[in-house]
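Quick notes on the structure that follows.
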Amino acid sequence: MISQLLASLFKYKTWANEELFHGLRGMNETAQNADRHAAIRILNHVHVVDRIFEANLQRRRHGYAATNTPDTPSLQSLWGSVRTTDRWYCEYVSSLGCDALEEQIEFQFVDGELGRMSREEMLTHVVTHGSYHRGAVGRIMAQLSIAPPRDIFTRYLHTTQPDRRRQHA
């Protein structure tokens with residue numbers, strides 16, 4: 001089966017998304033509307049890219065013409081879709097063997113150009129792409145004096161497996 005690290009990274013991604021969406025609920029829909037909208041647009045972009053690569057991994061068409069949608073979903077609607085997609089990735093990754101990870105898959109980018117990546121490379125892209133953009137949303141929150149979640153991998157490990165963290169003697 002796959003390495004524990006890859007499975008752990010997708011569990012981390014799920015946890016980090018939950019932390020961030022929870023934090024965004026604290027934004028004022030009226031007073032902070034423009035910043036809230038920008039944050040949702042960024043997270044919608046991440047979600048669309050996740051869905052594009054979900055399709056690519058399954059060698060099927062994704063139906064997206066761009067890496068974001070023309071309309072902006074509500075935060076609640078987006079969160080529901082992100083949770084579903086995160087669950088899909090966790091289940092998918094846990095079902096893969098090493099040979100499947102190495103398999104090269106050809107696909108088409110939304111700009112029409114052709115690409116080829118291994119499943120492992122695609123999965124790595126999904127994890128790192130989301131982390132990059134969660135950081136951008138965290139910056140928006142910080143500028144509004146809203147504490148962004150500390151969604152670093154070590155915090156995830158210590159939160160979900162507290163026995164990994166010890167006090168100095």
- request: Give the residues of region 94-131 that are assigned to a helix (DSSP H, G or I) and acidic (Asp, Glu), sorted by residue number.
  value: ASP99, GLU102, GLU120, GLU121
message: I'm told THR124 meets every condition in (1) surrounded by fewer than 11 Cβ atoms within 10 Å (Cβ to Cβ); (2) hydroxyl-bearing (Ser, Thr, Tyr); (3) modelled with pLDDT of 95 or more except one. Can you identify the failing condition by its number?
response: (1)
message: within 23 Å of ALA7 (Cβ to Cβ), of a type in the set (Gly, Ala, Ser) and either modelled with pLDDT of 95 or more or not in a helix (DSSP H, G or I) (or both): is that true of GLY80 in this structure?
response: no
query: Can you name every residue in region 111-135 that is more than 13 Å from ALA16 (Cβ to Cβ) and hydroxyl-bearing (Ser, Thr, Tyr)?
result: SER118, THR124
message: So ARG83 ticks every box in (1) surrounded by 11 or more Cβ atoms within 10 Å (Cβ to Cβ); (2) over 15 Å from the mean Cα position of the chain (by Cα); (3) in contact (Cβ under 8 Å) with a residue 24 or more places away in the chain but one. Which box is left unticked?
response: (2)
message: Can you go through GLU91, GLU18 and tell me which one is among the charged types (D, E, K, R), part of a helix (DSSP H, G or I) and within 20 Å of MET141 (Cβ to Cβ)?
response: GLU18
query: Do you know which of the residues in region 21-40 that are in a helix (DSSP H, G or I) and not small (Gly, Ala, Ser) is farthest from the chain's Cα centre (by Cα)?
result: ASN33
query: Among all residue pairs at least 6 apart or on different chains, which show Cβ distances below 9 Å where the first residue, located in region 30-41, is at negative phi and exposed (fewer than 14 other Cβ atoms within 10 Å of the Cβ) and the second is at pLDDT below 95 and among the aliphatic types (A, V, I, L, M)?
result: ASN33/MET27
ASN56 being in a helix (DSSP H, G or I), under 14 Å from the mean Cα position of the chain (by Cα) and among the polar types (S, T, N, Q): no
message: If ASN68 meets every condition in (1) at pLDDT 95 or above; (2) surrounded by 14 or more Cβ atoms within 10 Å (Cβ to Cβ); (3) more than 27 Å from LEU24 (Cβ to Cβ) apart from one, which number is that one?
response: (3)
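If a residue must be surrounded by 19 or more Cβ atoms within 10 Å (Cβ to Cβ) and out of contact with any His (no Cβ under 6 Å at 6 or more places or on another chain), how many such residues does region 52-65 contain?
Going through region 52-65 one residue at a time, the tally reaches 3.
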task: Of all residues in region 147-169, count the ones that are surrounded by 12 or more Cβ atoms within 10 Å (Cβ to Cβ) and over 19 Å from VAL46 (Cβ atoms).
output: 5
- request: May I ask you to verify whether TYR92 is farther than 20 Å from TYR132 by Cα, of a type in the set (Ser, Thr, Tyr), surrounded by 11 or more Cβ atoms within 10 Å (Cβ to Cβ) and out of contact with any Pro (no Cβ under 6 Å at 6 or more places or on another chain)?
  value: yes
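The values are calculated or read from the model by the stated rules, or taken from the named source; none is laboratory data. Note that the coordinates shown come from a computational prediction; the quantities given were computed from them, not determined experimentally. Virtual Cβ from ideal backbone geometry, glycine too; neighbours counted across all protein chains shown.
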